[in-house]
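Undergrad: Right, I'll just put the structure down here and ask away after.
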Amino acid sequence: MDSFECRACRSSAGELVLDLGEQPACDYFPGSDDPVPDPVYPLQMGLCSSCGLAQLLADPTVPEEPRGAEPAALVAQAAEAVERVAQAGLLPQRGTVAEYGSPHGGSWLGLLTQRGLVPSGNGQQADVILDCFGLMHAADQSGALAARAARLAPGGVLLLQYHSLNTIISHGQWNALRHGHYAYYSTTALTAMLSAADLSPRTAWQFGLYGGTVLLAASRDTDWSGGRDGAVQSLLEQEARTGVRDPSALRILQRDARLRARRLHEWLVTQRSAGRIVLGYGAASRAVALLCLAELDRDLLPAVVDASPAKTGSRMPGTNIPVVGPAELAVSRPDAVLLFVPDLMAEVRSAFPEVEGAGGRWVDVEAHGSGGLEEDS
Ligand SMILES: [Zn+2]
């Protein structure tokens, strides 16, 4: 790979492990009348051969993403996480806290101040430094981690929450790769990054969010001599089995992505030939790479339905497929609705009974076998 420089350890040795080709900015939904094509940028993941950090390769400037509504799952997980950290005795009474937030929202600050922590002043040290999906948005990974470490008060704890690379690999979540998300952490790589900042992991908790999210607690080496506990050790062992540092383990994502895109394209061609009407549901940023990779247009997928009024009247980035409101489901009476956000399956089935009432079915675009694209009616 030419001109690689690791965002964490600055090594020039890295491997390209996932290439989703030229992709539009996935969080910017153009108006349905905006001229096509949208600007596109290479979307690639590299794996550092030295520290093992999986990272975004090119660094294009893409339009800012809006801060959306916080999904209930995120809110519930935050409450559970804070509870578990408190139970572990890592939230000091009347201590100070500094939060490095995510542009997607999901602040824990309210939960922490309810427990007596006081927000620290701008740039000042804090007993608890919290980073919940924030660090991944920094292009300069070592710089961003060093900034957090520098604010850690003596005896303080750094809490880092991330969607784990182990989950991405083992669940085939190739669409986790996004512009603006610069790092995809394994606990293994993060331990190396922390070490460079004179920090060490102490303990960790796992949550089901996004298929597998880790919250890691780290302390300064000079403050904590207890070493890592069994939870951290077990994450590292799990990751070694998955092969989070092995380019060939990550390249399975590439195969999954191509296969899924091809299968979707072929399925839609078959449906069209049979005269069946298919709509999409869920104008989510995670659907964007799939639609582009599958080279879909409105001839194959006439519309994507979304319940958010803010998205109605836009189109799916990189395509001419319009985003329409749910009323379209009753009007078009689709034979199938492709669900791009599988977590919503139960919700959409009950919210839009007219689909199945008219003989249509919901198809989980990510499912294998029954309920998925393979099941051809
Ligand atoms: Zn590196």
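The values are calculated or read from the model by the stated rules, or taken from the named source; none is laboratory data. No experiment lies behind these values; they were computed from the predicted model shown. Quick reminder, even Gly has a Cβ in these numbers, built from the backbone with ideal geometry, and neighbours come from all protein chains shown. All accessible areas refer to the heavy atoms of the entire protein, side chains included, with ligands and DNA or RNA removed. Shrake-Rupley method; radii C 1.70, N 1.55, O 1.52, S 1.80 Å.
Undergrad: Name the single residue, out of those in region 25-52 being assigned to a loop (DSSP other than H, G, I, E, B), open to solvent by 10 Å² or more (accessible area, probe 1.4 Å) and touching a Ser or Thr at 6+ places or on another chain (Cβ under 8 Å), that is farthest from the ligand (Cβ to nearest atom).
TA: The selected residue is SER32.
Undergrad: Follow-up question, since we're still on this one. For the subset of region 359-372 comprising residues that are modelled with pLDDT under 95 and part of a loop (DSSP other than H, G, I, E, B), which member is nearest to the chain's Cα centre (by Cα)?
TA: Checking each candidate, the answer is GLU366.
Undergrad: Please give the number of the condition GLN55 fails out of (1) buried (at least 17 other Cβ atoms within 10 Å of the Cβ); (2) more than 10 Å from the ligand (Cβ to nearest atom); (3) at pLDDT 90 or above; (4) not hydrophobic (A, V, I, L, M, F, W, C).
TA: Result: GLN55 fails condition (2) only.
Undergrad: Same structure again: Taking the conditions exactly as written (surrounded by fewer than 22 Cβ atoms within 10 Å (Cβ to Cβ) and at pLDDT 95 or above), does ALA150 satisfy them or not?
TA: Against the criterion (surrounded by fewer than 22 Cβ atoms within 10 Å (Cβ to Cβ) and at pLDDT 95 or above), ALA150 qualifies.
Undergrad: Have a look at LEU339, LEU344 and point out the one that is under 21 Å from ALA72 (Cα atoms) and crowded, with 19+ Cβ neighbours inside 10 Å.
TA: Criteria check complete, one pass: LEU339.
Undergrad: Would you check which residues across region 5-24 are open to solvent by less than 80 Å² (accessible area, probe 1.4 Å) and within 16 Å of the ligand (Cβ to nearest atom) and list them? Write out each step before concluding.
TA: Narrowing region 5-24 to residues open to solvent by less than 80 Å² (accessible area, probe 1.4 Å): 6-9, 11, 13-21, 23-24.
Across region 5-24, the qualifying residues are CYS6, ARG7, ALA8, CYS9, SER11, ALA13, GLY14, GLU15, LEU16, VAL17.
Undergrad: Continuing with the same structure: How many of the residues making up region 281-299 are part of a loop (DSSP other than H, G, I, E, B) and closer than 22 Å to ARG361 by Cα?
TA: Counting residues in region 281-299 that are part of a loop (DSSP other than H, G, I, E, B) and closer than 22 Å to ARG361 by Cα gives 8.
Each row is one residue, and each column tells you yes or no for (1) among the aliphatic types (A, V, I, L, M); (2) surrounded by fewer than 16 Cβ atoms within 10 Å (Cβ to Cβ).
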| residue | (1), (2) |
| --- | --- |
| SER225 | no, yes |
| ALA231 | yes, no |
| LEU236 | yes, no |
| ILE252 | yes, no |
| ASP256 | no, no |
| ALA261 | yes, no |
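Undergrad: Residues of region 267-276 being closer than 14 Å to ALA294 by Cβ and either at pLDDT below 95 or open to solvent by less than 70 Å² (accessible area, probe 1.4 Å) (or both), which ones?
TA: Listed by number, the residues that qualify are TRP267, LEU268, VAL269, THR270, GLN271.
Undergrad: Can you tell me which of (1) in contact (Cβ under 8 Å) with a residue 60 or more places away in the chain; (2) surrounded by fewer than 19 Cβ atoms within 10 Å (Cβ to Cβ) is the one GLY359 doesn't meet?
TA: Of (1) in contact (Cβ under 8 Å) with a residue 60 or more places away in the chain; (2) surrounded by fewer than 19 Cβ atoms within 10 Å (Cβ to Cβ), only one is false for GLY359: (1).
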